[in-house]
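**Student:** My questions will all concern the structure given below.
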Amino acid sequence: MNSNLFPQGFVWGTATAAYQTEGAWDRDGKGISIWDTFSHTPGKVENGDTGDVACNFYNLYKEDIKLMKSLGYKAFRMSISWPRVFPEGIGEVNKKGIKFYRKVLKELKDNDIITTVTLYHWDLPQALQDKGGWESRKTAEAFSEYADLCFKEFGDLVDYWITFNEPFVTAFPGYLFGNMAPGIKDMNAALLTVHNLNLAHGLAVKKFRKYDFNSKIGTANCRSWAVPDNLQSPSDIYAARYADEMYYFSFMDPVMLGQYPSSYYETICRFKLNIVISKEDLEIISQKIDFIGLNYYTRMLIRYDKKAPLGFSEAKGPLEKTEMDNEVYPDGLYYILKDLNKRYGSVPIYITENGRATTDKVVDSKIDDLDRIKYLKQHFEVSAKAIKEGVNLKGYFVWSFMDNFEWAHGYTKRFGLVYVDYKNQKRIPKASAYWYSKFIRESS
Ligand code: FCB
């Protein structure tokens, strides 16, 4: 494909998250997170895998950044582990944690790599979970204190801040389906969590605006293109719209439009939940942000299912599948980009995650992950088309720089451009890593 289809200055990067890569789960004063607890609970993660060591980025960050630099990746998205800087979530600061992140960010800057930092990529301090977690408004307030500390300590080294990564995963898999940390199954808790996460986002943005940084702030939500499984079925058609509203617009609409979609209120009424949303909260949540982060992987075929907690479930589609059993559907990214542009105007958009898992085999020290190259190419192509048609897309972060701990799937799924041999922590760039490197070089 033609790399000149992207404008000059387009930000090409890769993404990771703290719990998935750092390891050092109990080192240098770090507190326990809900993912430490969850992964240490038998039966929660495939093969009993944990993030205790992960990619050992905590110790290997210099080598990893060097590799990133040599591949010519221009930007890096990472996250901060909240319990590494605030072991108890609030109160006493862990100086060693601050030192670690300053070292990493400095190393990136010294290598001319644009820094993007996510404040919350799912690893809530366990101490705050014990006090009510995201069901409690106090957690939103604690988050804004944590965010404030990060702005103060790292603000000079960060180009882009992302408040939350995919808050829908915390609210639904985390608090309703129970298959992600903290593993709770409670409708009232889930819908309260939606609101408290949104509130936390708004409070943090307010703190950020007190500073005079040259950096930008946004949030990263995941949207899958929602399609009714049976286009002849009114209930499937309704369910698809409902799923899109619950998973995506319950987070983006309050931020961008200052209101929840009707499905959110409808669910509160249907389940007679004890949740009241005030006008003041919506004002806090709808602080202006500088960009929208979009994570895109696939489409979802939705059907009405009265036995499912929210009244819908996902059907298996006919298209080619990735190792995650996701359909490969690049057009969905195009439709979403166009749709966001129409709904929210020309706010800058960054694709903050996109990529696929593949079955990678090391043959003669090489990994020929042609499926990943094809996938990225197809998604770059539709992105270029959207830009041509006026979508204000400014950057792209491939998930992921390297293979890592894939949450409840443990180490069974490999998303990296760089292969990680977990036995000896050796990194081997895959064919896709070189392909991406060449693509960036030719487009700059
Ligand atoms: C996203 C997560 C990210 C990673 C990818 C594969 O939902 O944000 O951490 O696990 O999926």
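The values are calculated or read from the model by the stated rules, or taken from the named source; none is laboratory data. It should be emphasised that the depicted structure is a prediction, and the values quoted were computed from it without experimental measurement. A quick note on method: Cβ atoms are made from the backbone with ideal geometry, for glycine too, and the neighbour counts reach across all protein chains shown. Note: accessible area is taken over every heavy atom of the protein model, side chains too, but ligands, DNA and RNA are not part of it. Shrake-Rupley method; radii C 1.70, N 1.55, O 1.52, S 1.80 Å.
**Student:** Compute for the range 261-308: radius of gyration divided by Kirkwood radius, i.e. Rg/Rh, restricted to C-alpha atoms, rounded to two decimals.
**Tutor:** Details: Rg = 15.7 Å, Rh = 14.6 Å.
Using only Cα positions, Rg/Rh for the range 261-308 is 1.08.
**Student:** Let me ask you something else. DSSP loop chymotrypsin sites (Phe, Trp or Tyr not before Pro) in the range 196-247 with at most 13 other Cβ atoms within 10 Å of their Cβ, which ones? Mind dumping the intermediate values first?
**Tutor:** Working: sites: Phe208, Tyr211, Phe213, Trp225, Tyr238, Tyr242, Tyr247; in loops: Tyr211, Phe213.
Here the sparse-neighbourhood loop sites are Tyr211.
**Student:** Something else about it: Based on the Cβ-Cβ distance from Glu63 to Arg209, what FRET efficiency comes out when R0 is 45 Å, to the nearest 0.05? Display every interim value, and only then the final one.
**Tutor:** Values: r = 37 Å, r/R0 = 0.82.
E between Glu63 and Arg209, to the nearest 0.05, is 0.75.
**Student:** Filter the trypsin sites (Lys or Arg not before Pro) in the range 192-247 to those in DSSP coil with at most 14 other Cβ atoms within 10 Å of their Cβ, and list the result. Mind showing how you got there, number by number?
**Tutor:** Working: sites: Lys206, Lys207, Arg209, Lys210, Lys216, Arg223, Arg241; in loops: Arg209, Lys210, Arg223.
For trypsin sites (Lys or Arg not before Pro) across the range 192-247 that sit outside H, G, I, E and B with at most 14 neighbouring Cβ atoms in 10 Å, the list reads Arg209, Lys210.
**Student:** Would you mind getting me the FRET efficiency between Leu257 and Arg137? Use the beta-carbon distance for r and R0 = 22 Å, nearest 0.05. Could you put the intermediate results ahead of the total?
**Tutor:** Working: r = 22 Å, r/R0 = 1.01.
According to the calculation, E is roughly 0.50.
**Student:** With equal scatterers on the alpha carbons only and no solvent term, can you work out the Debye log10 of I(q)/I(0) for the range 1-77 at 0.11, 0.18, 0.20 1/Å?
**Tutor:** -0.43, -0.81, -0.91
**Student:** Something else about it: Quick check for me: using +1 on Lys/Arg Cβ and -1 on Asp/Glu Cβ, what's the dipole size of the chain about its Cα centre, in debye to the nearest 20?
**Tutor:** Values: 58 positive and 56 negative charges, 150 e Å.
I would put it at about 720 debye.
**Student:** Taking a 29 Å limit on the Cα-Cα distance, which of the listed pairs Lys44/Lys131; Lys316/Lys377; Lys307/Lys342; Lys69/Lys426; Lys109/Lys426; Lys321/Lys361 fall beyond it? Before the final figure, lay out the partial values.
**Tutor:** Working: Lys44/Lys131 22 Å; Lys316/Lys377 24 Å; Lys307/Lys342 34 Å; Lys69/Lys426 17 Å; Lys109/Lys426 24 Å; Lys321/Lys361 18 Å.
From Lys44/Lys131; Lys316/Lys377; Lys307/Lys342; Lys69/Lys426; Lys109/Lys426; Lys321/Lys361, over 29 Å: Lys307/Lys342.
**Student:** Can you give the alpha-carbon Rg of the range 356-412 over 2.2 N^0.38 Å, where N counts its residues?
**Tutor:** On the way: Rg = 14.8 Å, N = 57, 2.2 N^0.38 = 10.2 Å.
Compared with the compact-globule rule of thumb, the range 356-412 sits at 1.45.
**Student:** Compute, for Phe172, the solvent-accessible surface of its heavy atoms (probe 1.4 Å) with the complete set of protein chains present, and express it in square angstrom to the nearest 10.
**Tutor:** For Phe172, solvent-accessible area is about 0 Å².
**Student:** So with the 1.4 Å probe, I'd like the accessible area per residue for the chain, rounded to whole Å².
**Tutor:** In whole numbers, the chain has 40 Å² accessible per residue.
**Student:** Moving on. Going by a ≥ b ≥ c, the root eigenvalues of the Cα gyration tensor, does the range 192-279 fall in the rounded group (a/c under 1.5), the prolate group (a/b larger than b/c) or the oblate group?
**Tutor:** Values: a/c = 3.73, a/b = 1.71, b/c = 2.17.
Oblate.
**Student:** Per residue of the range 197-211, in order, report the coupling 6.51 cos²θ - 1.76 cosθ + 1.60 (Karplus, θ = phi - 60°) as ³J(HN,Hα) in whole Hz, putting x for Gly and Pro.
**Tutor:** 5, 4, 4, 4, 4, x, 4, 5, 4, 4, 4, 4, 5, 6, 8
**Student:** Give me the extension gain from Asn179 to Arg343: residue separation times 0.36 nm, minus the current Cα-Cα distance, reported in nm with one decimal.
**Tutor:** Working: separation 164, 0.36 × 164 = 59.04 nm, distance 3.18 nm.
Length difference between fully extended and current span is 55.9 nm.
**Student:** Okay, moving on. Want the number for Asp112 to Val362: 0.36 nm per residue separation, take away the alpha-carbon distance, what's left? Please list the in-between numbers first.
**Tutor:** Details: separation 250, 0.36 × 250 = 90.00 nm, distance 3.10 nm.
Length gained, Asp112 through Val362: 86.9 nm.
**Student:** With a/c under 1.5 counting as rounded, go ahead and sort the range 307-435 into rounded, prolate or oblate using the C-alpha gyration tensor (a ≥ b ≥ c being the square roots of the eigenvalues; past the cut-off, prolate if a/b is larger than b/c, else oblate). Please list the in-between numbers first.
**Tutor:** Working: a/c = 2.12, a/b = 1.41, b/c = 1.51.
It comes out oblate by the Cα gyration axes.
**Student:** Let me ask something else about it. Classify the range 237-332: rounded, prolate or oblate, from the alpha-carbon gyration tensor (a ≥ b ≥ c, eigenvalue square roots; a/c under 1.5 rounded; otherwise prolate if a/b is larger than b/c)?
**Tutor:** oblate
**Student:** Run the accessible area of the chain with a 1.4 Å probe and give the carbon-and-sulfur part as a rounded percent.
**Tutor:** Carbon and sulfur: 49 percent of the exposed surface of the chain.
**Student:** Over the chain, what is the percentage of antiparallel beta bridges among all DSSP beta bridges, to the nearest 5? Spell out each step's value before the answer.
**Tutor:** Working: 11 of 50 bridges.
For the chain, the DSSP antiparallel bridge percentage is about 20.
**Student:** Express in whole angstrom the spacing between the alpha-carbon centres of the range 4-38 and the range 382-444.
**Tutor:** Measuring centre to centre over Cα atoms gives 13 Å.
**Student:** Check each of the trypsin sites (Lys or Arg not before Pro) in the range 265-312 and keep only those in coil by DSSP with at most 15 other C-beta atoms within 10 angstrom; list them in order. It would help to have the intermediate numbers written out before the result.
**Tutor:** Working: sites: Arg270, Lys272, Lys279, Lys288, Arg299, Arg303, Lys306, Lys307; in loops: Lys272, Lys288, Lys306, Lys307.
Counting only loop positions with at most 15 other Cβ atoms within 10 Å, the trypsin sites (Lys or Arg not before Pro) in the range 265-312 are Lys272, Lys288, Lys306, Lys307.
**Student:** Taking the Cα centre of the range 121-237 as the origin, how large is its charge dipole in debye, to the nearest 20, when only Lys and Arg (+1) and Asp and Glu (-1) carry charge on their Cβ atoms?
**Tutor:** Values: 11 positive and 14 negative charges, 67 e Å.
My answer is approximately 320 debye.
**Student:** Can you bin every Cα-Cα distance in the chain into 10 Å intervals starting at zero and give me the percent of pairs per bin, rounded to whole numbers?
**Tutor:** Each 10 Å bin holds this share of Cα pairs: 4, 22, 34, 29, 10, 1, 0.
**Student:** A follow-up question, please. Per the helix-only calculation at 222 nm, which mean residue ellipticity applies to the chain, given -39500 (n - 2.57) for every DSSP H run of n ≥ 4 and division by its residues, nearest 500 deg cm²/dmol?
**Tutor:** Details: 15 runs with 171 residues, N = 444.
Counting only the DSSP helices, I get -12000 deg cm²/dmol.
**Student:** Enter the accessible area of Asp339 (Å², nearest 10), with the probe set to 1.4 Å and all protein chains included.
**Tutor:** Taking all protein chains as shown, Asp339 has close to 40 Å².
**Student:** Less than 18 Å apart at the alpha-carbon level, and either on another chain or at least 8 residues along: which lysines does that give for Lys96?
**Tutor:** Within reach: Lys30, Lys62, Lys106, Lys152.
**Student:** While we're on this one: Which is the longest stretch in the chain that no exposed loop site breaks, taking sites as GluC sites (Glu not before Pro) with a DSSP loop state and at most 14 other Cβ atoms within 10 Å? Could the numbers behind the result be given before it?
**Tutor:** Values: sites that count: Glu92, Glu320, Glu389.
It works out to 93-319.
**Student:** Out of all DSSP beta bridges with both ends in the range 226-337, state the antiparallel percent to the nearest 5.
**Tutor:** That works out to approximately 60 percent antiparallel.
**Student:** Using a Förster radius of 25 Å, what is the FRET efficiency between Glu283 and Glu381 based on their Cβ-Cβ separation? Nearest 0.05, please. Walk me through the intermediate numbers first.
**Tutor:** Working: r = 40 Å, r/R0 = 1.61.
Using R0 = 25 Å, I get an efficiency of 0.05.
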